[in-house]
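*Asks:* After the structure tokens below, expect a handful of questions from me.
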Amino acid sequence: MADKLRTIQNLEALQARYIGTGHADTTKYEWTSNILRDSYSSYVGHPPLLSYMAVGMGEPKEKMRTMMLEKMVRGAGNPPETQE
Amino acid sequence: MSDADIEAVRRLQAERNAAAASQQGSKTFDKSSQRTDNSTKASLTESFDTFLYERGGADKFSGYDTSIAVDGDEEMEDADGGHNLVGQYTATRNQIDEMARGTGVEEEDILLGREKSGRIADRETDYQKRRFNRGALTPTRADPFAANAHANVEGESQTYREVMALRELDREEERVKKLIAEKREKGEDVTEHQATLKTVEQDKENAEAGSTVAVATEKKRKNRWGEPAAETGKRSRFDMAPAPEEAAKSAPSRWDLAPSLTAATPVGNQGLATPIHPSQAGAATPAVGLVADVPGQFAGWSDEDLDIMLPGEADGYKVLDPPPGYEPIRTQARRLMATPAPIPSAGGVGGFMMQEPESVQSVGKDLPTDIPGVGELQFFKAEDMAYFGKLMEGGDETSMSVEEMKERKIMRLLLKIKNGTPPMRKTALRQITDNARDFGPGALFNQILPLLMERTLEDQERHLLVKVIDRILYKLDDLVRPYVHKILVVIEPLLIDQDYYARVEGREIISNLAKAAGLATMISTMRPDIDHADEYVRNTTARAFAVVASALGIPALLPFLRAVCRSKKSWQARHTGVKIVQHIPILMGCAILPHLKELVGCVAANLSDEQAKVRTVTALSLASLAEAANPYGIESFDDILSPLWTGARKQRGKGLSAFLKAVGYIIPLMDEEYANYYTSQIMEILIREFASPDEEMKKVVLKVVSQCASTPGVTASYLKEHVLTEFFKGFWMRRMALDRRNYRQVVDTTVDLGQKVGVGEILERVVNNLKDESEPYRKMTVETVEKLIAALGAADVSERLEERLIDGVLFAFQEQSIEDVIILNGFGTVVNALGTRCKAYIPQIVSTILWRLNNKSPTVRQQAADLISRVALVMKQCDEEALMGKLGIVLYEYLGEEYPEVLGSILGALRAIVTVVGITQMQPPIRDLLPRLTPILRNRHEKVQENTIDLVGRIADRGPESVNAREWMRICFELMDMLKAHKKGIRRAANNTFGFIAKAIGPQDVLAALLGNLRVQERQSRVCTAVAIGIVAETCAPFTVLPALMNEYRVPDLNVQNGVLKALSFLFEYIGEMGKDYVYAVTPLLEDALVDRDQVHRQTAASAVKHVALGVIGLGCEDAMVHLLNLLFPNIFETSPHVIDRVIEAIEAIRMAVGTGIVMNYVWAGLFHPARKVRTPYWRLYNDAYVQGADAMIPYYPGMEGDVDRPELSIIV
């Protein structure tokens, strides 16, 4: 009982610090949008990788970067309808 | 010091040794092996007949358990995991440990026990006990801020106006009482207002007694019920009876009891929303003598009792019949507090009580620990019956009203929390917290608060109840407002408790209360207490207010503080206001800095208050403000500097000491110029007060002098010129050394002065005291000298002074009547500071040491040995190696010492000599010394163990060749026992020594011994053996150890196998990257272990895997790691915390070794598994991987076309 409580508290603390972490009730939508955001922020955060992708796409690096930033907004589509 | 002396001392000890040996027959002192066993006790582990059973056979005990477990398994369960069928009964931890850590010669102080008494009331001072005088529990207060004023409080709540009026009344009463007392003191006749009824009665008595005036004016007569009704200032209804003839007729009847008691309670006889428990009523009105003495057990008086106590018909009295229609009140709780409010349960009006207890509550005879509906409790005290008795009555739950049900529910939960076992407590606490709002604040606090006022409350219970309050405060939030005062009355005493944690707890509650109730409520609730007639109430209120300030911020409280500090109405209010300001910096420290100016502004005007008490407390609060602000904020004090300094000239006594204290704290804030000027201004007064006989003043003066002296602005020449002479005249006298606190203060101040004026200046003045006849005075001098020289060195000491110093220290050392570590430290520090300058004195010092070594008293010998270890380094510097050799030989004789404390010191001295002169030069030679140490290793005393193992370890490290391998093996066996020492340092030293020995004589024999030790029962021993194997492997390369170790795994014993795994785990941890060559060798073994049925086995294997994996990161053993991962992975469903933690750690380590991608492939499968039980551990793994390397996971996320489009990764140029 107490252990359970502690686990929940630990998880909450963890989630407050790392948004991308999940738990048994994480939905597919949450998970996939986290994956997308993590991916794009990682690409943007590694300049050599970004340059490589820019060359491959034939776009300027800055444009590539903006594109990726924009994709981070609702990258995995709209949230699923919640049925009450 | 001649050689003859040394020889004499050595010979004397040798003779003593021989005598001891001959006394004990065959058992001891084997000349050939130099082994003595001088203990007078029969050894349990040794055979008596040394002829038949020869000693020294190393594996005499092989195959036996050589030890009985001293301490069981503390950290985790045993490998075999099974439980014993037979219960094991053993002594407590304390009893077991007692012998290992005895204080040696001295016994513990038997008086200490009193301090540890559980009951809080037992260790309270009289002042703290005044909390019981505060009236039981004040009525609830109206909450003017509530949305609908009477939402949750009964109509009878007191309003602010009523409370203030009551306080006014209290004060007036106090004033009148004081006047009367004064008049009486002056011998004036006080005409007292007398109720007509009483006059008649008294006249009758007085006539009999034959005196008239004297009796009437003497102390207020106690009325026959034992409580001085007139003193309370409120009159019983009989006092108010207007018609004299009617009153005259009715002699005082025994039915008066209840109303008069009600009146005895100072506050409001109506509207007491809290039905107070009998014990509380007793506590609240201590005047009711009998009742107060037996809290909780007051059951009423029978007619027989009354007949004994009261004058009867023989004395002209008459016992009346009860009036018609009278019916006694039966409810226990109402008996003493017969409230006029209509009581549904007790239909009567009068207050007579029957002797026969009709409810179980008042039965104190059998105390069950099993309460219906609660379960088995840890304990149940007699006093608890008064509160929880209702639960015992049983009764039909269905017929109860909702309120009653609630009451019972709360009662049950509280009982569980207060007296229950930890798990019960936990659930009950959660329930009461969760349902707090449903229960309502009234029902909760009416039960909790009386419990907290119980006189027999113990620390633990208080802690738990306070915790309950803390939790429900959060939940209740603003519902708590009407109860703020009640809670404060109960919690405020915690603020002046001696126990630090109680104070912290009290602060926490009050600050939570302030946050829940809001500033306005707090102020309006506590305002009436600020000028309360009782000093105790004002004091605690001030502290509580300071807590409120720290909780809600100083700015919020400032306007109120300003107003209170300037109150024209009463000096008490000003006093309390200033006191609040005093406590704020104590609580908040430097956090007051932003508001320093305002706070100082609040109290500034009170520095010239007409009341001396207010001036004093103002100075004190300035002192605490300055102390907290140090070293900033002098500009905030600008305005009060001149009143403070000029004021100091006008004060006397307590006021002056407070002013000086403030001065002392403000001077260090100033810049150099000002500090110098202001110091010179105050110094005159300080020097005058050097001669003050007042202890308090002395302390303050010393503190101020040291504060002034350590300020940069005050120069050495000024101090030398103006202060030093007077200071030494005033404070360096024998009397000062007798009081502990003065002693400390004088030493500290002198050291502070010395920092400024130099060592020489001070030493010149005190060095003669080293030869004083008073021992405490000598001690004080030595301590001062020690601190000064330790801080400033001895370069400033002239040759002549040096001679006097050494002479004095030696004298002080020799003349000790009680061996004191202070003198020893002083000696050591002086000698070390002088260094080579000591050369001339060394023979003298050594001679002193020698003769003291020869002393009969063990503490003298111990101190002498300790001194050797302190001066060894200096002796070497002075080229006295020869002398050290001789000392070594003498010490060698003393290895038979029987007091463990002394033996430890002797070993320490030997170690110091060995360290300084080196192994080769050591006298006696190591090959003689070491065999003597081997039996000492068996000694169980911590100090002895620590020193021997240190000495042996040093020899093993530096000069292992001086002893043969057999002797080292013998030491190895003795060391095994050390592996279960209590002290970590000893265990670590023993482990290291194994490493050194293995290096010296090769690992084979040592390893065999260690592997054998894996079979012993005791867990700690096995763990340490595993560590030792790891160390041996590290020092002698793993290939010497691994084959034997792995071979040992074939023993079909779970304990042994587990030990091997543990050893592997340590081994791979220690060897790190060296392990890559051995990975493939141990994989089959780990494979086997990871599929074992026993979970501890798998756990240990997992921790071995972890260390293996961490060692091979980037070294190309991925195939083996993946193989191990395959075996490890199914274990993620383990639930035991130890096991699962080790398994997760191992998986993480493998992730480091083989890369995130591969491990994540195992994880994806379970993240969205239909079963939650599966999903949960998989997400744990995912989260760990994410936290440690989210970036590394990016390329490896599964492709989910349609859901997640991340085409960028497939771009190829």
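The values are calculated or read from the model by the stated rules, or taken from the named source; none is laboratory data. Given the structure is predicted, the values throughout are model-derived calculations rather than measurements. Because the Cβ atoms are built from the backbone with ideal geometry, glycine has one as well, and the counts that use them run over all protein chains shown.
*Asks:* Which numbered condition trips up B:V603, out of (1) surrounded by fewer than 22 Cβ atoms within 10 Å (Cβ to Cβ); (2) assigned to a helix (DSSP H, G or I); (3) of a type outside the set (G, A, S)?
*Replies:* (1)
*Asks:* On to the next question. So which residues in the stretch B:765-816 are acidic (D, E) and either surrounded by 16 or more Cβ atoms within 10 Å (Cβ to Cβ) or assigned to a helix (DSSP H, G or I) (or both), if there are any at all?
*Replies:* Scanning the stretch B:765-816 gives B:D772, B:E775, B:E783, B:E786, B:D796, B:E799, B:E802, B:E803, B:D807.
*Asks:* Here's a follow-up. Here are B:L558, B:L513: which of them is surrounded by fewer than 24 Cβ atoms within 10 Å (Cβ to Cβ) and without any contact (Cβ under 8 Å) to a residue 60 or more places away in the chain?
*Replies:* After ruling out the rest, the residue left standing is B:L558.
Table: residues versus (1) over 41 Å from the mean Cα position of the chain (by Cα); (2) of a type in the set (A, V, I, L, M).
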residue: B:K1062; (1), (2): no, no
residue: B:G1075; (1), (2): yes, no
residue: B:V1079; (1), (2): yes, yes
residue: B:L1086; (1), (2): yes, yes
residue: B:V1091; (1), (2): yes, yes
residue: B:V1096; (1), (2): no, yes
residue: B:A1101; (1), (2): no, yes
residue: B:G1111; (1), (2): yes, no
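*Asks:* Further, regarding this structure: For the stretch B:720-735, give me each residue that is farther than 22 Å from B:E684 by Cβ and touching a helix residue (DSSP H, G or I) at 6+ places or on another chain (Cβ under 7 Å).
*Replies:* B:R734
*Asks:* Where residues in the stretch B:1181-1208 are more than 7 Å from chain A (Cβ to nearest Cβ) and surrounded by 20 or more Cβ atoms within 10 Å (Cβ to Cβ), which of them is farthest from B:I1144 (Cα to Cα)?
*Replies:* B:M1193
*Asks:* Please go through (1) surrounded by fewer than 17 Cβ atoms within 10 Å (Cβ to Cβ); (2) on the phi < 0 side of the Ramachandran plot; (3) modelled with pLDDT of 55 or more for B:G347 and return the number of the only condition it doesn't satisfy.
*Replies:* Among (1) surrounded by fewer than 17 Cβ atoms within 10 Å (Cβ to Cβ); (2) on the phi < 0 side of the Ramachandran plot; (3) modelled with pLDDT of 55 or more, the lone unmet condition for B:G347 is (3).
*Asks:* When you look at B:R462, is it basic (K, R), closer than 21 Å to B:E407 by Cα, within 25 Å of the chain's Cα centre (by Cα) and crowded, with 18+ Cβ neighbours inside 10 Å, yes or no?
*Replies:* Here the answer is yes, as B:R462 does meet what is asked.
*Asks:* On to the next question. Report, by residue number, each residue of the stretch B:1145-1180 that is surrounded by fewer than 20 Cβ atoms within 10 Å (Cβ to Cβ) and among the small types (G, A, S).
*Replies:* Hits for the stretch B:1145-1180 are B:G1155, B:G1157, B:A1165, B:G1166, B:A1171.
*Asks:* Just to be sure before I move on: is B:K1106 within 14 Å of another protein chain (Cβ to nearest Cβ), part of a helix (DSSP H, G or I) and among the basic types (K, R) in the structure I sent?
*Replies:* no
*Asks:* If B:L792 meets every condition in (1) touching a Gly at 6+ places or on another chain (Cβ under 8 Å); (2) hydrophobic (A, V, I, L, M, F, W, C); (3) over 22 Å from B:P712 (Cα atoms) apart from one, which number is that one?
*Replies:* (3)
*Asks:* Scanning for something within 11 Å of chain A (Cβ to nearest Cβ) and aliphatic (A, V, I, L, M), does the stretch B:1141-1153 turn up at least one residue?
*Replies:* no
*Asks:* What about B:I1132, is it surrounded by 16 or more Cβ atoms within 10 Å (Cβ to Cβ), within 14 Å of chain A (Cβ to nearest Cβ) and in a helix (DSSP H, G or I)?
*Replies:* Yes, satisfied.
*Asks:* Hey, another quick one. Kindly provide the set of residues from the stretch B:421-451 that are of a type outside the set (S, T, N, Q) and within 14 Å of chain A (Cβ to nearest Cβ), ordered by number.
*Replies:* Listed by number, the residues that qualify are B:P422, B:P423, B:M424, B:R425, B:K426, B:A428, B:L429, B:R430, B:D434.
*Asks:* Pairs please, first residue from the stretch B:1041-1055 and more than 22 Å from B:K999 (Cβ to Cβ), second anywhere and at pLDDT below 90 and surrounded by fewer than 17 Cβ atoms within 10 Å (Cβ to Cβ), Cβ atoms under 6 Å, 6+ apart in sequence or on different chains.
*Replies:* That search, which allows pairs on different chains as well, returns B:L1054/B:D80.
*Asks:* Pick from B:L444, B:L391: which is assigned to a helix (DSSP H, G or I), touching a residue at least 24 places away in the same chain (Cβ under 8 Å) and closer than 29 Å to B:D477 by Cβ?
*Replies:* Of the residues listed, the single one that is assigned to a helix (DSSP H, G or I), touching a residue at least 24 places away in the same chain (Cβ under 8 Å) and closer than 29 Å to B:D477 by Cβ is B:L444.
*Asks:* Let me ask something additional. From the list B:K699, B:K661, B:K720, pick out the single residue that is buried (at least 20 other Cβ atoms within 10 Å of the Cβ) and either assigned to a helix (DSSP H, G or I) or over 37 Å from the mean Cα position of the chain (by Cα) (or both).
*Replies:* On inspection, the qualifying residue turns out to be B:K661.
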